[in-house]
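Comments concern the structure below.
The values are calculated or read from the model by the stated rules, or taken from the named source; none is laboratory data. All of these numbers come straight from a predicted model, not from anything done at the bench. Heads up, the Cβs are rebuilt from the backbone with ideal geometry, glycines too, and the neighbour counts pull from every protein chain shown. Keep in mind that these areas ignore ligands, DNA and RNA; they rest on the heavy atoms of the full protein, side chains included. Shrake-Rupley method; radii C 1.70, N 1.55, O 1.52, S 1.80 Å.
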Amino acid sequence: MGNVLAPKPLLHRPLRRGEPLTNPGSFDELHRKCKEVFPQQMEGVKLIINKSLSSHFQIAHTVHMSTVGQSSYHFNTTYVGDRQLSPTEAFPTLLGDIDSCGSLHAQVLYLVAEQIRTKAVFQTQQARFVTWQFDGELRGDDYTATLTLGNPDVLSQSVILVAHFLQSVTSRLVLGGEMVYHRRPGEEGAIVTLAGKYTALKWVATLNIGYGGAHASYYHRANEQVQVGVEFEANTRLQDTTFAFGYQLNVPQANMVFRGLLDSNWCVGGVLEKKLPPLPVTLALGAFLNHWKNRFHCGFSVIVG
């Protein structure tokens, strides 16, 4: 017989390494996954023609014939530089949009360093400036810090200052906050909002809560064809609470995407998008009905390019 009392060798389990932390993205995109499920409001007839003049320059013409408001025409230009950080990000980027009334909306995005991004936004209403905004964003390996300066006016001593910060606590959990400070003659104040986002394999839950109210959203991907989203918003100043449910149905065999919504204001709606390959044409048909206000509107759009 062998040595029964001999000490058994210790079995060391390999240490489980956690997943590396990634950048949490921008504060404004916390609820993006859920919002993409909901259909965009549309009414009247809209024609959009996109044309790429080169690999850097693109223009677009938009004609909107409205049944509710005033019909309009928009001319849009986009310039994209050579420095590409991802398939959806390239710097510098210049965007401009002018309508038939002479109102202009322009944006300039510039990459100062690998982790520092800046943005300037200008908006006019005919011949009068209504918005001038400057953003600075620092994107680290596991955090994002943003500072926004809106409509600064030295003469009237008015300004809007917004600060955002997001930190990846784990590979799935992101925590952060927002501080909004505004000042104008006879009024000054600040609002602080806390935010959290948890990302699982098939669902994303996000919550913003502060003195002004709360905003919660839940996104779930059931399978490759079905996605659903739920939003809850509460505004303490207006004493108003809304709830909305949206869903997206993809039918890749038919090149179709359907989005629908149902909210607590007794509003239902849906938008059906259909691509027509090999032609670069997308058709969209939408209808929305508000049972509480007994209001119905529908829309049809054609996108070329």
Problem set entry | Top-ranked residue of region 214-242 - restricted to ones that are farther than 21 Å from residue 33 by Cβ and not polar (S, T, N, Q), ranked as least open to solvent (accessible area, probe 1.4 Å) | 240
Exercise. Pick from 202, 197: which is at pLDDT 95 or above, open to solvent by 50 Å² or more (accessible area, probe 1.4 Å) and not hydroxyl-bearing (Ser, Thr, Tyr)?
Worked result: 202
Problem set entry | Filter result (open to solvent by less than 80 Å² (accessible area, probe 1.4 Å), of a type outside the set (S, T, N, Q) and not in a strand (DSSP E or B)) within region 76-117 | 101, 102, 113
Problem set entry | Count - residues of region 140-157 that are open to solvent by 30 Å² or more (accessible area, probe 1.4 Å) and either at pLDDT below 95 or not in a strand (DSSP E or B) (or both) | 9
Seminar exercise, completed: All-but-one check, residue 240 against (1) without any contact (Cβ under 8 Å) to a residue 24 or more places away in the chain; (2) of a type outside the set (Gly, Ala, Ser); (3) farther than 30 Å from residue 288 by Cα, failing number (3)
For this session: Starting from region 82-94, keep only residues that are closer than 18 Å to residue 25 by Cβ, then list their pairs with residues that are open to solvent by less than 80 Å² (accessible area, probe 1.4 Å) and polar (S, T, N, Q) whose Cβ atoms are within a distance under 8 Å, requiring at least 6 positions of separation or different chains.
Result: 93/78; 93/107
Exercise. Residues of region 76-108 being in contact with a His (Cβ under 6 Å, 6 or more places away or on another chain) and under 20 Å from residue 127 (Cα atoms), which ones?
Worked result: 97, 99
Exercise. Taking interchain pairs and intrachain pairs at least six residues apart, which have beta carbon atoms under 6 angstrom, with the first residue in region 197-208 and in contact (Cβ under 8 Å) with a residue 12 or more places away in the chain and the second of a type in the set (Lys, Arg) and open to solvent by 80 Å² or more (accessible area, probe 1.4 Å)?
Worked result: 198/172; 199/172; 204/33
Exercise. Just a yes or no: is a residue in region 243-251 modelled with pLDDT under 95 and either under 27 Å from residue 289 (Cα atoms) or open to solvent by less than 50 Å² (accessible area, probe 1.4 Å) (or both)?
Worked result: no
Exercise. Of (1) open to solvent by 60 Å² or more (accessible area, probe 1.4 Å); (2) under 30 Å from residue 84 (Cα atoms); (3) not in a loop (DSSP other than H, G, I, E, B), residue 179 satisfies all except one. Which?
Worked result: (2)
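So is residue 43 open to solvent by 30 Å² or more (accessible area, probe 1.4 Å), charged (D, E, K, R) and free of Cβ contacts under 8 Å to residues at least 60 places away in the same chain or not? Let's see the steps before the verdict.
Numbers: open to solvent by 30 Å² or more (accessible area, probe 1.4 Å): yes; charged (D, E, K, R): yes; free of Cβ contacts under 8 Å to residues at least 60 places away in the same chain: no.
Judged against the criteria, residue 43 is not a match.
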Exercise. Residues 10, 15: which one is at pLDDT below 95, on the phi < 0 side of the Ramachandran plot, open to solvent by 100 Å² or more (accessible area, probe 1.4 Å) and more than 39 Å from the chain's Cα centre (by Cα)?
Worked result: 10
For this session: Pull up region 50-73, narrow it to residues that are outside any loop (DSSP other than H, G, I, E, B) and aliphatic (A, V, I, L, M), then point me to the one that is surrounded by the most Cβ atoms within 10 Å (Cβ to Cβ).
Result: 60
